[in-house]
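Student: Before anything else, here's the structure in question.
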């Protein structure tokens, strides 16, 4: 059994990692940390885990942690991650980092959207952990930069069409909608039940930090630099992201051709499910699972294609994808521990 | 006191009309109809109305109804409306029709998106009832085609910019999100609590019937035919529509200029509220009210402007706007009965 | 126009007071305070109030405040209230205190459930502000202790039956359920959307501080000391309280007699609405209003009566009742500004 | 692999059975029926099942069904169940019936609360399928009457205390709250999102059909006939039941004794989790799982104990318990396929 640790276990992403890891047949959850809740059982912080993950959460002292596990998930904020990951790497540990710190290869771009990078030498070692796109590099790395939730939904929705060159990469607009768990478990007025329920709004319009991450991957797929519009919104639901993506279709491309492109591209991907023609995905049908459901509509009136892509932001958008990456870099079958059926209703 | 009637009082729009009319100082709710609930008190169908609207709902026999009121709101499905409105008009009644039947001036367009029109002679008599745009014509008509909910939010968001020619009318995309009350009170699996809660999805992608209505009005404002993308989504909330609208900005136009255009265009409009710069509207802050809150963001990276527009779909998107139109065609002060403060939380 | 002030305007109760007062025809909202948001417009804190309550919120300096209004609402936590109210009273101001500090007449009881009382000399001057029970004393006082939300729903549900002696006051159990706004707007993990949504739980079982307040009033109505069970629960909704109250019925009392007792007791009360026989109240039908809807069921199998009572916790359970009390002590018609129709859906 | 069938697969209980069975390591879901959706894939009715349960749903022709599986789950309404079960039994099949038809041993009681029983000869063969109470009889039967959702939560909450004689069985009140999925997937106005959201109400007060079922089992545990109060409520959430149960405590019994009674009674029960002292269960922490979480509070002021019990109504309250019963009567380890971690948030 591989010993794994979660650094930053008290947030929703940390909890979700624990939920998946505590029943994963190949690993043992050996250590979990949280500054705020050190000394409490993880299952007292999250009573759903009672009987599954009753270990006591410890404070984050990286030097002491390294001995306790072989692989670490860092589920901490950006900037904190870059201060922890080097120590773990130097101790020969495998790391799946769920922050943004190692996702953007170009430190200039990173520093423009975030802040100064204090461990830029690790940027070239890190692999962007979207297995459906970068599986070959992932299996060879020791440091996975686990993708952001919005980027995962958008990139998976666009990849087959960008690769095939059937859409104009300079026409892209991604209008994304997320559940509230994306904001984490920190006590903030904006995440209160009464502020969010029975309401809907956009936020960080045209300036969300996931933008450069999306553009980097879209650009790689399109093989040219891409600038695009990205608008995140807050939905009164706990889990889920739906991205509605608009693109100009190359003239003459039919819906059937698009359908074929998706089918071929994702034919061996267990975690991507294409909707039947005329059907669109809904976040409630991927709830609690590692699936990305995708549908689309060609609109001959406008010459655009509208792509709809749904994930559970905490699973395929975070913890589930992290476990998928762990499976890859540890040589376990990729789906191990990830084939839970989505919970509906 | 003007006697008014609601034809189709048992749906959410009918209920909302009753809620507004029962305390409107210039009118008496004289009659309300519903096939399904005939014989019951309106306040037994909607207990919130107890003590306010205890009248007994009757069956819909148009010939008998005409004598009972001076002005009618027809809150019935399209196709039904066109079978009722002519009788009311011939009896000399004023009519505010909340269906789609008289919104689209061109019967060819109407028949392409809906079905055969059986009262096309009334199309030229009807005025599209968006007061902020068509007030001058509204005050002179006897038949108001009350706008759809999505079109209201989109047109109000775009009008000042289209009029001023600062955006490209051929680049428009409206990504709209609606609460569930937009689907009405009919018992349908898709509107069940368990189907909708904690979920999000798009529907009728690139084929929703509000599209031609939006394009008609946008085309009038831009003074050219317009074809655009419109994607409706379903939000797990009861009330509210937020539209996120994308447009290519004419080069050189600044955020300040945009801000001024909105301010001037809406300076005398009591029901449009501009958000301070950097702030975006949220549906929860217009809940239960007749306001349309608007914000925007200029994105120099992409050359686009992103416009956000929020309304309560049952008020400014239906019943409230209908009362506003009634006020106009009856000579009451336009805001009468409509200045309730939005309910939050 | 009477000048009124809100001390503690940034919480949900403060906001709700502002919502009601800004359109109240007899008063002007002259001042509003908040330590946290001092210097901001109230309508920037609560954008629903934009165009209605754009005054700038100030810090709480009681000595400076007294000159600015004739009547004050203190919407601050208990303990803070008792430090402010004496100064206001000494300056000859009328005060509606929405905290618990002046609700319990017996300082020994108060200190057992709360903490030391620093202004016990005002306890005898304060009147418990439930107009349906204490109207005669309220009109004569200068200091109203505005009731708690749970107590309001429970006492109104029980009053006619206790007065008539048809239930055993020693058999009472109140099982109450509240929306999340009852927890206020402070940033706490337990009030986050993700913690509350799609969930249900009890809290402070058999130890909630509203217990002595309920027992005091129930005891007055029953004319004997009463000890009872009270269990609060948290419902995933923003507004509303429903109390389910169990009592042993005196043998031989029929449902019709109960029905008559309620009808007579509340016949002149505009804000209590009895449900038709066989019908039960629901919080969604009093949303945003000052109504208390009441229904009941006599159960001959168990010899118990089950009473259901629904209010909006922020209106009849707080701000609306406070305005009702203001109307009473200022000589305005009792319903002034309070006859908004409940908002449904 | 055991071949199993679901009769009535299109309701939420049927879907939940499919969700559990399609990944159960000992069985194959061989057939699923639905009158309404016959001919469609189960995964088109419930897209969450895509890739897991893609079998085509057939019409219900019992005679044809018997050959297709060895064990059947009947997830159909009461009255329908009793018309199907005899045919299945006569064909030698094992049956887990999720309706109420075989839960009440006394046909007189059944007929008083439901309607005429057409297969009373099977009542004595059926075993009430609450494993924690009746495991010994369950393992020997071929016909399990799977318990109702409310009864499961209430009986598990009370059993240890009734058995030990520390509470007065004639003082019981169960105040229960359920999510909306308990009402099933049928299109009914009362289950619409807009009717339920942001609201709370009681229904079928003192007359819900689960009452005799609860009283039967409570009476067995207390060893005397029991009449009790039971009030169901509707919570705006999809899944979950929380029961708040009141009982008079026998004088002198302490909280520690109660705690010990629960610990001993449930020490070997994998699906009952006791909350730490002072902690209460919440439905969100059992979501999607087969757990029943229990907490309690002794209230010396009133001499009552308040017991809180939480389940997922679709799992431990229906499909999960049915699978648990299947495991028992088929000789599989009792927890097989049921140890999914609760999904939170």
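Nothing in this text is a laboratory measurement; each read-out follows from the coordinates by a stated rule. Just so it is clear, the model here is predicted, and its values are computed rather than measured. Using ideal geometry, Cβ is built from the backbone for each residue, glycine included, and neighbour counts are taken over all protein chains shown.
Student: Would you mind ranking C:46, A:203, B:266 by Cβ crowding within 10 Å, fewest neighbours first? Write down the numbers at each step before the final one.
Tutor: Numbers: C:46 26, A:203 15, B:266 19.
Listing C:46, A:203, B:266 from fewest to most nearby Cβ atoms yields A:203, B:266, C:46.
Student: So, one more: Post the alpha-carbon centroid distance, the stretch C:119-136 to the stretch A:29-56, in whole angstrom.
Tutor: Between the Cα centre of the stretch C:119-136 and that of the stretch A:29-56, the gap is 48 Å.
Student: What FRET efficiency, computed as 1/(1 + (r/R0)^6) with R0 = 56 Å and r the Cβ-Cβ distance, is obtained for residue D:121 and residue A:38, rounded to the nearest 0.05? Present the calculation step by step, with values, prior to reporting the outcome.
Tutor: Working: r = 63 Å, r/R0 = 1.12.
With a Förster radius of 56 Å, E is 0.35.
Student: How far is the Cα center of the stretch D:202-268 from the Cα center of the stretch B:266-345, in Å?
Tutor: Between the Cα centres of the stretch D:202-268 and the stretch B:266-345 lies a distance of 50 Å.
Student: Mind listing P(r) for the stretch B:104-188? All alpha-carbon pairs, 10 Å bins, whole percents.
Tutor: Result, from short to long distances: 14, 33, 41, 12, 1 percent.
Student: Among B:336, C:152, which comes first, then next, by fewest other beta-carbon atoms within 10 Å?
Tutor: In order of increasing Cβ crowding within 10 Å: B:336, C:152.
Student: Now for a different question. How many partner chain Cβ atoms sit within 10 Å of a residue's Cβ in peptide B:48-60, on average, as a whole number? Can you show the working numbers first?
Tutor: Values: counts 14, 4, 11, 8, 5, 1, 0, 0, 0, 0, 0, 0, 0.
Neighbouring Cβ atoms belonging to other protein chains average 3 per residue here.
Student: List the relative contact order of chain D as a percent without decimals, with contacts defined as Cα pairs under 8 Å and 6+ residues apart.
Tutor: Working: 765 pairs, mean separation 58.8, N = 345.
Reported as a whole number, the value is 17 percent.
Student: Rounded to the nearest whole Å³, what is the per residue volume of the convex hull around the Cα atoms of the protein assembly as shown?
Tutor: Values: hull volume 245.3 nm³, N = 1380.
Once divided by residue count, the hull of the protein assembly as shown is 178 Å³.
Student: Go ahead and collect, in residue order, the members of the stretch B:271-311 whose backbone nitrogen is under 12 Å from a label point 7 Å along the Cα-Cβ direction of residue A:209.
Tutor: Under cut-off, by backbone N: nothing.
Student: In degrees, nearest 10, range 0 to 90: what is the angle between the Cα axis of helix C:149-164 and the longest Cα principal axis of chain C?
Tutor: 40
Student: Using the 10 angstrom Cβ neighbour count as an exposure proxy, how do B:124, D:259, B:34, B:181 rank, fewest first?
Tutor: Working: B:124 10, D:259 15, B:34 23, B:181 29.
Ranking B:124, D:259, B:34, B:181 by Cβ neighbours within 10 Å, fewest first, gives B:124, D:259, B:34, B:181.
Student: Output the antiparallel fraction of DSSP beta bridges having both residues in the stretch B:2-125, as a percent to the nearest 5. All intermediate terms of the calculation are to be shown ahead of the outcome.
Tutor: Values: 1 of 16 bridges.
In the stretch B:2-125, approximately 5 percent of DSSP beta bridges are antiparallel ones.
Student: Which three extents, in whole angstrom, do the alpha-carbon atoms of chain D cover along their principal axes, largest first?
Tutor: The Cα atoms of chain D stretch 61, 44, 37 Å along their principal axes.
Student: Ok, one more. Taking the C-alpha atoms of the stretch B:1-62, how large are the radius of gyration and the largest Cα-Cα span, Dmax, in Å?
Tutor: 10.3, 29
Student: Follow-up question, since we're still on this one. Using bins 5 angstrom wide from zero, how does P(r) for the stretch A:2-125 break down, in % of all Cα pairs?
Tutor: 2, 12, 22, 22, 17, 13, 7, 4, 1, 0
Student: Further question: Using Cα pairs closer than 8 Å and at least 6 residues apart in sequence, work out the relative contact order for the stretch B:2-125, in percent. Write down the numbers at each step before the final one.
Tutor: Numbers: 226 pairs, mean separation 28.0, N = 124.
Worked out over the stretch B:2-125, it gives 23 percent.
Student: Under a GNM of chain A (C-alpha, springs under 10 Å), which listed residue has the highest mean-square fluctuation: A:317, A:129, A:179?
Tutor: Maximum fluctuation in the GNM of chain A, among the listed residues, is at A:179.
Student: Something else now. What fraction of the DSSP beta bridges in chain C is antiparallel, stated in percent and rounded to the nearest 5? Before the final figure, lay out each step's value.
Tutor: On the way: 26 of 55 bridges.
DSSP beta bridges in chain C are roughly 45 percent antiparallel.
Student: Sorted from largest down, what three extents in whole angstroms do the Cα atoms of the stretch D:120-237 have along their principal axes?
Tutor: Over the stretch D:120-237, Cα extents along the principal axes are 45, 35, 23 Å.
Student: Need one number: the % of Cα-Cα pairs in the stretch C:150-313 sitting beyond the 22 Å mark.
Tutor: On the way: 5613 of 13366 pairs.
Roughly 42 percent, once rounded to a whole number.
Student: Counting residues in the stretch A:264-345 as N, plug N into 2.2 N^0.38 Å and put the Cα Rg over that result. Before the final figure, lay out each step's value.
Tutor: Numbers: Rg = 14.4 Å, N = 82, 2.2 N^0.38 = 11.7 Å.
Compared with the compact-globule rule of thumb, the stretch A:264-345 sits at 1.23.
Student: How crowded by other chains is A:282-291, given as the mean number of beta carbons from other chains within 10 Å of each beta carbon? Please list the in-between numbers first.
Tutor: Details: counts 11, 5, 12, 8, 4, 5, 7, 4, 0, 3.
Counting other chains' Cβ atoms within 10 Å and averaging over A:282-291 gives 6.
Student: Then there's this: Relative to the longest principal axis of chain C, what angle (0 to 90°, nearest 10) does the C-alpha long axis of helix C:80-90 take?
Tutor: The helix C:80-90 is inclined about 70 degrees to chain C.
Student: Which value in deg cm²/dmol, rounded to the nearest 500, describes the helix-derived mean residue ellipticity at 222 nm for chain D, given -39,500 (n - 2.57) per DSSP H run of n ≥ 4 and division by the residue count? Could you put the intermediate results ahead of the total?
Tutor: Details: 11 runs with 98 residues, N = 345.
Helix contribution divided over all residues of chain D: -8000 deg cm²/dmol.
Student: What Kirkwood Rh does the stretch D:232-276 have if only Cα atoms enter the pairwise 1/r average? Answer in Å.
Tutor: 13.4
Student: Report, as an integer, the average count of C-beta atoms from other chains found within 10 Å of each Cβ along A:297-304.
Tutor: 5
Student: So, one more: By DSSP, what percent of the beta bridges with both residues in the stretch C:150-313 are antiparallel, rounded to the nearest 5? Walk me through the numbers before you get to the answer.
Tutor: Values: 25 of 34 bridges.
Rounded to the nearest five, the antiparallel share is 75 percent.
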